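Undergrad: Here's a structure for you.
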Amino acid sequence: MVIVRTPNPTFDGERVGFRFKNGEARMESLSGKDRQALRRLGYEIEDRGSPNDLSGLTVLQLRQVAESRGVDLSGLTRKADILQAIEPSM
């Protein structure tokens, strides 16, 4: 589950294609593109029920996550650098 919060915590209504109540919209998933757009507009995004901690994954698994989210890892070989590149898409 993903929770999107508006900059106005009392907002009730529809914005950017999502229905908000008390400043929150809940949905099963949210694409990386939508996440980036919402963050640029000042919305907060919280993932629940799915771990955000990717540090336990192997480099190969991290590369698969990056590919599925459209994150460019060109030139990155260190796990720490890959994690840092993926983080904004989460």
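Nothing in this text is a laboratory measurement; each read-out follows from the coordinates by a stated rule. All values reported here derive from a predicted model rather than from experimental measurement. Reconstructed Cβ throughout: ideal geometry from the backbone, glycine too, with neighbour counts over all protein chains shown.
Residues are listed down the side, and each one gets a yes or a no for (1) more than 12 Å from the chain's Cα centre (by Cα); (2) touching a residue at least 12 places away in the same chain (Cβ under 8 Å):
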{"site": "R15", "(1), (2)": "yes, no"}
{"site": "F18", "(1), (2)": "yes, yes"}
{"site": "K21", "(1), (2)": "yes, no"}
{"site": "S29", "(1), (2)": "no, yes"}
{"site": "R35", "(1), (2)": "no, yes"}
{"site": "L54", "(1), (2)": "yes, yes"}
{"site": "E67", "(1), (2)": "yes, no"}
{"site": "L73", "(1), (2)": "yes, yes"}
{"site": "L83", "(1), (2)": "yes, yes"}
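Undergrad: Taking the range 68-90 as the region of interest, how many residues are among the charged types (D, E, K, R) and within 15 Å of Q36 (Cβ to Cβ)?
TA: So the count comes out to 3.
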